[in-house]
Amino acid sequence: MSTVRSIAVIGAGTMGSGIALTAAQAGISAIQVDVSSAALDKAKAGHAKSLARLVEKGKLQAADADAARARVTYVTEMAQAKDADWVVEAATENVDVKKAIFRAMQAAFRGDAVLATNTSSISITDLASAVGVDAPRVIGMHFFNPVPIMKLVEVIRGIATSDDTTARTIELAKAMGKTPVIANDRAGFVSNRVLMPMINEAFYAWMEGVAQPADIDQIMQLGCNFPMGPLRLADFIGLDVCHDIMMVLTRELGNPKFFPCPLLRQLVQAGRLGDKSGRGVFEYPAK
Ligand code: NAD
């Protein structure tokens, strides 16, 4: 059992809202922080809907759903979450945004709180440089989408991350029902270093007319036994998020093979971000 009683989650988008809900279902109080009150409203509605669906399906007692819902609070100011034992940052995949958030976390939270990041690709060592002497408390805690369902947490140590921080992170991941696996601090770690080139190549295959999107996905599903094709997965992740991760990989690994396909870039420019905007590669009915 983890000793963590409360967790602050910075960012209430796709991932932050999933992390907060998963913590709440594991009996941990979650304070959901976002600069956007629209994002907080969406997260709150999403939590209620997910819990109601579990009750409907008979997978959760109504009283447990109510208790989980009551464990989450939604705030726009980080200071309102300052008493949390643990903080995980799940904001936009941009190094400057994240470093500013890390400095704010260092100022807002207790000196013994772990400062974790859910980054998909950015160096943990680089993010930790924003908090100087507190670098031993910084760690990568990379959840997968959808967080309540996906079992993996990729745990990434920066150069200064302490053994104590690592052990506490593994303990918390297990308490949240996840399987932690350690990866080293190289851009994209293991998961996105392997996944993103495949997604990018699927966009090239579409752009070059090798096949239409649905057929590309079906070939990869049936031929490789993937639960969903790479283009459907890209929509699910968010095309903007995929794009940002590929830019980090390109820059940090110094290899142009990671540079996002022009068609992917165009869809992002057009605001076609995937599930979250209602249209990406494919179209999605309003939720
Ligand atoms: P998202 O765009 O859905 O949500 C990001 C949220 O961060 C937004 O609600 C935004 O308002 C908020 N935000 C931005 N600046 C902030 C600040 N200064 N303070 C508080 N909130 C702020 O993005 P996402 O898909 O949830 O991704 C979040 C992080 O998780 C990224 O680092 C991403 O790489 C990583 N990640 C994403 C996935 C995925 O499948 N989408 C999977 C694993 C990891």
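Listed cross-link partners LYS57/LYS99; LYS178/LYS276; LYS49/LYS257; LYS82/LYS257; LYS57/LYS178 are compared with a 32 Å cut-off, the Cα-Cα value being larger for LYS57/LYS99; LYS49/LYS257; LYS82/LYS257. When a/c reaches 1.5 or more, the comparison of a/b and b/c decides; with that in mind, is the chain rounded, prolate or oblate per its Cα gyration tensor? Oblate, because a/c is 1.5 or more while a/b does not exceed b/c. The range 53-121 and the range 227-287 have Cα centres lying 25 Å from one another. R0 = 30 Å: FRET efficiency of THR76 with ARG53, Cβ-based, nearest 0.05? The calculated FRET efficiency here is 0.65. Roughly how many nanometres apart are two label points built 7 Å out from the Cα toward the Cβ at SER277 and VAL190? The answer from the label model is 3.3 nm.
Between the amide H of GLU89 and those of ILE10, ALA116, THR117, ASN118, distances stay under 5 Å, these residues lying 5 or more places away or on another chain, with hydrogens modeled in the peptide plane.
Please check which bits of the range 187-214 a label hung off GLN269 would reach, taking the label as a point 7 Å along Cα-to-C-beta and the cut-off as backbone N under 18 Å. From the range 187-214, the list is 203-204, 207-208. Assuming charge only on the beta carbon of Lys and Arg (+1) and of Asp and Glu (-1), the dipole of the range 64-199 about its Cα centre is about 220 debye to the nearest 20. Taking 19 Å as the cut-off, the amide N atoms of the range 182-220 that come nearer than this to a point 7 Å along the Cα-to-beta-carbon line of ILE159 belong to 183-189. For the pair GLN221 and SER36, label points projected 7 Å from Cα toward Cβ lie 2.9 nm apart.
For the range 1-107, trypsin sites (Lys or Arg not before Pro) meeting the loop criterion (DSSP other than H, G, I, E, B) and having at most 11 other Cβ atoms within 10 Å: LYS57, LYS59. Based on protein heavy atoms only, the range 6-183 ends up with 42 Å² per residue of surface accessible to a 1.4 Å probe.
For ARG232, neighbours were defined as the other residues whose beta-carbon sits under 11 Å from its Cβ, and their charges (Lys and Arg +1, Asp and Glu -1) total -3. Helices in the chain, meaning DSSP H runs of at least 4 residues, each add -39500 (n - 2.57). Divided by all residues, the mean residue ellipticity at 222 nm is -14500 deg cm²/dmol. On a per residue basis, the range 192-277 carries 50 Å² of accessible surface, using protein heavy atoms and a 1.4 Å probe. Evaluated with a Cβ-only charge set (Lys, Arg +1; Asp, Glu -1), the chain carries a dipole of roughly 400 debye about its Cα centre, given to the nearest 20. Split the accessible area of the chain by element, probe 1.4 Å, and carbon with sulfur accounts for 56%.
The values are calculated or read from the model by the stated rules, or taken from the named source; none is laboratory data. These numbers were taken from a predicted model, which means no experiment stands behind them. Heads up, the Cβs are rebuilt from the backbone with ideal geometry, glycines too, and the neighbour counts pull from every protein chain shown. We work out accessible area using only protein heavy atoms, side chains counted, and drop any ligands, DNA or RNA first. Shrake-Rupley method; radii C 1.70, N 1.55, O 1.52, S 1.80 Å.
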